[in-house]
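Notes follow the structure.
The values are calculated or read from the model by the stated rules, or taken from the named source; none is laboratory data. None of these values were measured; they are calculated from a predicted model. Counting neighbours? That spans all protein chains shown, and the Cβs are built from the backbone with ideal geometry, glycine included.
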Amino acid sequence: MKATWTIGLLGWLAMSGATFALAADEPDKILGYRQNLMKSVGANISNIAMVAKGEVTYIGNVAANARAIRDGLAAADPLFPAGTGKEAGKTRALPSIWEDNAGFVKALKASQDAAEAMVVAADTSDLGQIQQALGVLGKTCGGCHDDFREKQ
Ligand code: HEC
C-alpha cells in the first residue's frame, strides 16, 4: 500500500516537472499546510514536556525536538497571508491576525526567539534549564493562541 502510494507520488512529481515550482499556493492548501506545521510543533513540545515532567527519560531527544520547533516556527511567517481565514475553509485562525497584523508578527517573533533559547537549553542536557526554557516557550505559544486562535 505505502510503496504504491510513494511510487505514485514520485511519478506525479516527475510529471509535473518545472511547472511544479510555479504552482500557486491556494488558500485552502495553505490552511492544511500550516495546520500540519503547527501540529508537528505541538507534538514536539509535548514530548519535551514529558521529559521535563520526568514522565520519560529521553532527554537526549530534546535537542531534536527543540530544533523541529525552531525550524517550524521559522517557516511560519508566510503561512498566514490575507484571505486564509474562515473564507478559505476550516481554520481556527481569527480575523485579528489580519486586523492586528503587527501584533501577530510580534507574537510570532517572541515564540521564534523562545524556540531559539529552547535549542540552547536543550544542548546543555540540563533538565533544570530545559524546564525553564520550556516554560518560557510555552507562554509564547499561549500568548499568540489567546489573541489569534479561536478557542475550541
Ligand atoms: C504567532 C502566533 C502563533 C504562535 C507563536 C504559535 N501558534 Fe500555534 N497556532 C496559531 C494559529 C493561528 C493556529 C490555528 C491555525 C489554523 O487553524 O489555521 C495555531 C494552531 C496550533 C495547533 C493546532 C493545529 C491543528 O490544526 O490541529 C497546535 C497544536 C499549535 N498551534 C501549537 C503551537 C505551539 C506548541 C506553539 C509554540 C511552540 C505555537 N503553536 C505557537 C498561532 C500561533
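For this structure, a couple of remarks:
- Close pairs (9 angstrom Cβ cut-off, 6 or more residues apart or separate chains): more than 21 Å from V120 (Cα to Cα) in segment 136-152, within 8 Å of the ligand (Cβ to nearest atom) and among the aromatic types (F, W, Y) anywhere: C144/F104; D147/F104; F148/F80; F148/F104
- All of A49, A107 fail the test of being touching a residue at least 40 places away in the same chain (Cβ under 8 Å), in a helix (DSSP H, G or I) and in contact with a Gly (Cβ under 7 Å, 6 or more places away or on another chain), apart from A107.
- A single member of A115, A43 is without any contact (Cβ under 8 Å) to a residue 12 or more places away in the chain, within 28 Å of D25 (Cα to Cα) and aliphatic (A, V, I, L, M), and it is A43.
- With respect to being buried (at least 17 other Cβ atoms within 10 Å of the Cβ), of a type outside the set (V, I, T), in contact with a strand residue (DSSP E or B) (Cβ under 6 Å, 6 or more places away or on another chain) and within 19 Å of K29 (Cα to Cα), G72 falls outside the description.
- Residue identified as at pLDDT 95 or above, assigned to a loop (DSSP other than H, G, I, E, B) and more than 17 Å from K139 (Cβ to Cβ) among G60, G32, G54: G54
- Residue match in segment 138-151 (condition: within 19 Å of N44 (Cβ to Cβ) and touching a strand residue (DSSP E or B) at 6+ places or on another chain (Cβ under 9 Å)): yes
- The set of residues from segment 123-135 being of a type in the set (D, E) and either surrounded by fewer than 12 Cβ atoms within 10 Å (Cβ to Cβ) or free of Cβ contacts under 8 Å to residues at least 24 places away in the same chain (or both) comprises just one member, D126.
- Number of positions in segment 55-72 that are more than 16 Å from the ligand (Cβ to nearest atom) and β-branched (V, I, T): 3
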